[in-house]
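Student: Dropping a structure here in structure tokens format, bear with me for questions.
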Amino acid sequence: MRVTKLLAVLSLFGFMVGCTTIYGVDYDYNKQTDFAKLKRFDWMQVPDRAELDSFVVERVQSAVNSGLEAKGLTKTSDTPDFSIVMHVGKKDKVQVTDLGYAYGAYGGYWGGFYGPGGGVSSYQYEEGTLILDFVDAQSKELIWRGSAKAEIQDLNTPEKREKVIDEAVNNILEKFPPPPSK
């Protein structure tokens, strides 16, 4: 029984780790901004010192462009209403799972024994963060920010990387534009 329970927990944990999911999706905005007036957008230049992978930049920009155009906005470098700034980062993380504690008899084929059971499992992974800042083109003030996080260590093909970027961008843009202020 104990071994079956442990195997079930570990297989569920392995399934969750194998599926890349977007989490930590968040947004915030300036409540004084009239988002209904925003119709045109453009991208701010990515600084050379940012040292971003050009493939990542292209994929994020493509996904954002598609998402905003689907909402009726137009990408243009000729007098945009707002500009978009992209920030990406990654860091090593550790997830620790308490497998629980059990007291009493347990054991296997050759007999059992009494004592504490359970334990702790740890999993190391790399977490990526995508932040999209929307900046008023005239005032240069931040008007909207959206962000998302994802596990990125097993993204070993261009298709997998593109899929995670598309999912992150879609989750971020789901909250844009924010509801009108009352």
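The values are calculated or read from the model by the stated rules, or taken from the named source; none is laboratory data. Everything quoted here is computed from the prediction, not taken from an experiment. With ideal geometry, Cβ positions are generated from the backbone for all residues, glycine too; neighbour counts draw on all protein chains shown.
Student: Can you name the condition, by its number, that residue 181 falls short on among (1) under 16 Å from residue 28 (Cα atoms); (2) at pLDDT 80 or above; (3) exposed (fewer than 14 other Cβ atoms within 10 Å of the Cβ)?
Tutor: Evaluating residue 181 over (1) under 16 Å from residue 28 (Cα atoms); (2) at pLDDT 80 or above; (3) exposed (fewer than 14 other Cβ atoms within 10 Å of the Cβ) leaves (2) as the failure.
Student: Here's something else I'd like to know. Among the residues of the stretch 1-57, count how many are among the hydroxyl-bearing types (Ser, Thr, Tyr), modelled with pLDDT of 65 or more, part of a loop (DSSP other than H, G, I, E, B) and under 18 Å from residue 168 (Cβ atoms). Show your work before the answer.
Tutor: In the first step, residues of the stretch 1-57 are kept if they are among the hydroxyl-bearing types (Ser, Thr, Tyr); the result is 4, 11, 20-21, 23, 27, 29, 33, 54.
The next check asks that each one be modelled with pLDDT of 65 or more; those that pass are 21, 23, 27, 29, 33, 54.
The next check asks that each one be part of a loop (DSSP other than H, G, I, E, B); those that pass are 21, 33.
The next check asks that each one be under 18 Å from residue 168 (Cβ atoms); those that pass are 21.
Selection size over the stretch 1-57: 1.
Student: What residue, of 125, 114, is surrounded by 13 or more Cβ atoms within 10 Å (Cβ to Cβ) and either at pLDDT below 75 or not in a strand (DSSP E or B) (or both)?
Tutor: Values: 114 fails: surrounded by 13 or more Cβ atoms within 10 Å (Cβ to Cβ).
Checking each option against the conditions leaves just 125.
Student: A further question follows. Residues to consider are 169, 164; find the one that is at negative phi, modelled with pLDDT of 95 or more and not small (Gly, Ala, Ser). Working first, answer last.
Tutor: Numbers: 164 fails: modelled with pLDDT of 95 or more.
Just one listed residue meets the conditions, 169.
Student: Does residue 130 meet the test of being touching a His at 6+ places or on another chain (Cβ under 9 Å), of a type outside the set (Gly, Ala, Ser) and either surrounded by 13 or more Cβ atoms within 10 Å (Cβ to Cβ) or closer than 17 Å to residue 82 by Cβ (or both)? Step through it out loud before you land on a result.
Tutor: On the way: touching a His at 6+ places or on another chain (Cβ under 9 Å): yes; of a type outside the set (Gly, Ala, Ser): yes; either surrounded by 13 or more Cβ atoms within 10 Å (Cβ to Cβ) or closer than 17 Å to residue 82 by Cβ (or both): yes.
Yes: the conditions hold for residue 130.
Student: Would you point out the residue of the stretch 135-182, among those that are of a type in the set (Gly, Ala, Ser) and not in a helix (DSSP H, G or I), that is nearest to residue 35 (Cα to Cα)? Spell out how you get there, then give the answer.
Tutor: First, the residues of the stretch 135-182 that are of a type in the set (Gly, Ala, Ser): 137, 139, 146-148, 150, 168, 181.
Going one step further and asking which of them are not in a helix (DSSP H, G or I), we end up with 137, 139, 146-148, 150, 181.
Details: 137: 13, 139: 15, 146: 15, 147: 18, 148: 21, 150: 28, 181: 10 Å.
Top of the filtered list is 181.
Student: With the condition kept exactly as written, say whether any residue in the stretch 126-147 is within 15 Å of residue 91 (Cβ to Cβ), of a type in the set (A, V, I, L, M) and touching a residue at least 60 places away in the same chain (Cβ under 8 Å). Can you show your working first?
Tutor: Kept after step one, since they are within 15 Å of residue 91 (Cβ to Cβ), are these residues of the stretch 126-147: 126-131, 147.
Now narrow it down to the ones that are of a type in the set (A, V, I, L, M): 130-131.
Okay, now just the ones that are also touching a residue at least 60 places away in the same chain (Cβ under 8 Å), so 130.
The answer is yes, given that some residue of the stretch 126-147 is within 15 Å of residue 91 (Cβ to Cβ), of a type in the set (A, V, I, L, M) and touching a residue at least 60 places away in the same chain (Cβ under 8 Å).
Student: Taking into account only those residues within the stretch 69-88 that are under 9 Å from residue 43 (Cβ atoms) and of a type in the set (A, V, I, L, M), which is modelled with the highest pLDDT?
Tutor: 84
Student: Checking residue 66 against (1) modelled with pLDDT of 70 or more; (2) assigned to a loop (DSSP other than H, G, I, E, B), which single condition isn't satisfied?
Tutor: Result: residue 66 fails condition (2) only.
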